[in-house]
Amino acid sequence: MYQYTDFDRQFIQSRAAQYRDQLERNLSGELKDDEFRPLRLQNGWYVQRYAPMLRVAVPYGELSSRQLRVLSKIARDFDQPSAAVYHHASATQAELGTPHLPVGYGHFSTRQNVQFNWIPLDKSADVMDLLAKVDMHGIQTSGNCIRNITSDALAGIAPDESIDPRPYAEIMRQWSTLHPEFAHLPRKFKIAITGAAEDRAATAWHDVGLHLRRNALGHIGFKVLVGGGMGRTPVIASTLREFLPWDQILNYLEAVVRVYNRFGRRDNLYKARIKILVKAEGQRFVDEVEAEYADILSHDGAAHTIPPAELHRVSKHFEPPALIEQSQEATHKIASDFTPKEAAEYQRWLAQNVRAHKNPALRAVTLSFKRLGHAPGDATADQLCAAADLADAFSAGEVRVMHEQNLLLPWVQAVDLPALWLAARNLGVAKANIGLLTDMITCPGGDLCALANARSLPLAAAIAERYQDLDELFDIGPIDLHISGCMNSCGHHHTGHIGVLGVDKDGREWYQVSLGGSDGSLLSGDAVPGKVIGPSFAASEVSDVVEALLDTYRAQRQPGETFIASVRRLGLTPFKDAANAVRHETRDGGKTLHVHLASAEAATD
């Protein structure tokens, strides 16, 4: 993991002190709310439906056990609303059918960040200080700037990876942090990077997607994709460069973002993303970027060319940790000690939650945060602390936040797997559902987010409750189910094999269902948005619709055929007919969800 320098720490601590001064002036009335708003947003502090929401940056998903414990402390001590705020929120959501709003949680987002939903604003500076003590912050997790740079959760350890993307991601993080030229872009800007054969970072769905590769001469460079994005207009990124020398990536990114900054729409929020500019201008956009890049090289002196010494310096932080001795717990836990029932559970866990590693003696293990009674991606304070303990005991003190809203232990010795399984099972995060139906991606939706048209979490809970039988989940096989509460697509519904989108019809909750989406992974195929299968469904119908889709698949699949492969072979018609057949005769499109879009802050990830 990257270790902060003295300069890095001084920078973060001074930023926290600056924010404390701004907050105190706001609370005293010296700094008006509309003046304070952009200042808090620059540090990751939103105001959501009922309370402030903090988004903590986790660059390319890497966390240390020490950082996890501080996140646990924040969840336990600070993610606690006042009695009045909580009473109002609970009473309002109860009318919609949400009987309980959990507090004291951290939430893993699809862009490898951690969020908290209930921290009182007058405590926010204290939280900033805590984060700074462990080299963390919320800088640029909000606003029209370059956001947290994401990567493959298996970066540096995947067997199919040729080049570790983390050193390049870290260099890009340092370049983009508080970049003065790009502090006020037309809209937020997201970068994803991978160095593996399989794209597990959904690069084609980002404003910029980067693929590390070697050319015929063995030189390292980037394939550069630009202009991808979800939201109201899903667009797959276009390839601008098949191969860009690695040391030029910052110069080229500078050119891309400059062109976007100069020509991007600022008169229309819904047309401000770079995807709209790329799609509208086509080759002209490419020509502008290349001209700007040439100007940077010839006139600006290529100031951001990366020296080999700097790449070497940063890369040293990402060398594999020295193999630790077999953990003390593992010496007393071997698979042959398991009961027949435990042995069967353990084998399923090995099949679904454990992945191969570059080092044959190691494994990458996913801790499942998809379980009944908890929102997908939510972790209690105790679970965050316990996950830190697991990281120390089994994974060299490191975890990764995954795009799928789980945690990954990247440095697990194979001999420790039985002991780790027992410990994870005791914690409640060893369910062998990774990649299966209940390992769904879901945004917080209308229970918490001020932008949402509909609630996501009750749908996720109802579907998960219906499909708790692991035999049935294994029979259905690998499938991506993604749920978003609004068109901002924080639940990545466009990329789901089954996608569910909350929509507003006369102030009431309804849901569109789409099929055949792909994030670009090997299972899903080339990145493509799913297609809507008909008019929207009432909330009470969605679980039945999902069941009908799955039953159609199981009835018509070929041997060994996955759900997504069946959809592409059969087409949408049989699935659409099955979904429409379960529409209720008397339909009520859910309760009224009061959303004030004019004043809502764009908290989309």
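What does the range 78-214 give for Rg and for Dmax, in Å, if only its C-alpha atoms count?
Calculated on Cα positions, Rg and Dmax stand at 18.7, 58 Å.
Along the Cα→Cβ direction, 7 angstrom out, place labels at Ala356 and Arg76. What is the inter-label distance in nm?
Placing both labels 7 Å along Cα→Cβ, they lie 4.1 nm apart.
What shape does the range 109-182 take by its C-alpha gyration tensor, where a ≥ b ≥ c are the square roots of the eigenvalues and a/c under 1.5 counts as rounded, a/b above b/c as prolate, and the rest as oblate?
It comes out prolate by the Cα gyration axes.
Could you give the length gained on full extension between Ile334 and Glu290, defined as 0.36 nm per residue of separation minus the Cα-Cα distance, in nm?
Working it through step by step, the gained length comes to 10.0 nm.
If you roll a 1.4 Å probe over the range 516-584 with all protein chains in place, what percent of the accessible area is carbon or sulfur?
Its accessible area is 54 percent carbon and sulfur atoms.
Taking the Cα-to-Cβ direction at Val415 and at Arg262 and moving 7 Å from each Cα, how far apart do the two end points lie in nm?
6.1
Can you tell which of Trp246, Ala309, Cys486 lies farthest toward the positive end of the dipole of the chain, using +1 and -1 charges on the Cβ of basic and acidic side chains (Lys, Arg; Asp, Glu)?
Cys486
Let me check I've understood the local charge: for Ile220, count other residues with C-beta under 12 angstrom from its C-beta, Lys and Arg +1, Asp and Glu -1. What total comes out?
+1
Using a probe radius of 1.4 Å on heavy atoms only, what accessible surface per residue do you get for the chain? Whole Å² is fine.
On a per-residue basis, the chain sits at 39 Å².
How do 421-432, 450-461, 511-522 rank on mean C-beta neighbours within 10 Å, highest first?
So the order, starting with the most tightly packed, is 450-461, 511-522, 421-432.
Show the residues, 5+ positions off or on another chain, whose built amide H is closer than 5 Å to the amide H of Val412.
Counting only residues 5 or more places away or on other chains, the set is Arg363, Val365.
Using R₀ = 30 Å, calculate the FRET efficiency as 1/(1 + (r/R₀)^6) where r is the Cβ-Cβ separation of Glu242 and Val532; round to 0.05.
0.35
How big is the Cα convex hull of the range 1-137 in projection, averaged over all directions, in nm²?
Taking the Cα atoms of the range 1-137, their convex hull projects to 9.0 nm² on average.
Can you compute the helix-only [θ] at 222 nm over the chain? Use -39500 (n - 2.57) per DSSP H run of at least 4 residues, normalise by all residues, nearest 500 deg cm²/dmol.
The helix contribution divided over the chain gives -11000 deg cm²/dmol.
Provide the per-residue ³J(HN,Hα) series for the range 209-223, in order, calculated from phi with Karplus coefficients 6.51, -1.76, 1.60 and θ = phi - 60°, each as a whole number of Hz, with x at glycine and proline positions.
The phi angles translate into x, 10, 10, 6, 7, 10, 8, 4, 8, x, 7, 8, x, 10, 7 Hz.
Given labels modelled 7 Å from the Cα in the Cβ direction, how far is it in nm from Ala302 to Asp551?
About 6.4 nm separates the two model spin labels.
In the chain, if the dipole is taken from +1 on Lys/Arg beta carbons and -1 on Asp/Glu beta carbons about the Cα centre, which of Pro529, Val286, Pro574 is farthest to the positive end?
Val286
Check the straight Cα-Cα distances from Lys431 and name the lysines below 23 Å, setting aside those fewer than 8 residues away within the same chain.
Output for Lys431: Lys333, Lys341, Lys370.
At a 10 angstrom cut-off on C-beta neighbours, averaged per residue, how do the peptides 374-385, 532-543, 10-21 rank from highest to lowest?
In decreasing order of mean packing, 374-385, 532-543, 10-21 become 374-385, 532-543, 10-21.
Can you give me the three principal axis dimensions of the range 198-298 from its C-alpha atoms, in Å, biggest first?
Its Cα atoms span 45, 36, 19 Å along the three principal axes.
Take each of the peptides 172-183, 200-211, average the number of other beta-carbon atoms within 10 Å over its residues, and list them starting from the highest.
Order by mean packing, descending: 200-211, 172-183.
Any cysteines in the chain with zero other Cys Cβ atoms under 4.7 Å from their Cβ? List them, or say none.
So far as the 4.7 Å Cβ criterion goes, Cys145, Cys385, Cys449, Cys486 stand without a partner in the chain.
Could you compute the FRET efficiency for Asp129 and Ala84, with r as their C-beta to C-beta distance and R0 at 35 Å, rounded to 0.05?
0.85
Report the rotationally averaged projected area of the range 383-494 based on its alpha-carbon convex hull, in square nanometres.
Result: a mean projected hull area of 8.1 nm².
Search the structure for amide H atoms under 5 Å from the amide H of Trp510, placed 1.01 Å from N in the peptide plane, and list their residues when 5 or more places away or on another chain.
Sorted by chain and number, the residues that satisfy this are Val503, Lys505.
What's the carbon and sulfur percent of the range 193-289's accessible surface, probe 1.4 angstrom, rounded to a whole number?
Carbon and sulfur: 49 percent of the exposed surface of the range 193-289.
The values are calculated or read from the model by the stated rules, or taken from the named source; none is laboratory data. All values reported here derive from a predicted model rather than from experimental measurement. Quick reminder, even Gly has a Cβ in these numbers, built from the backbone with ideal geometry, and neighbours come from all protein chains shown. For the accessible areas, the whole protein counts, side chains as well, though only heavy atoms, and no ligand, DNA or RNA atoms are used. Shrake-Rupley method; radii C 1.70, N 1.55, O 1.52, S 1.80 Å.
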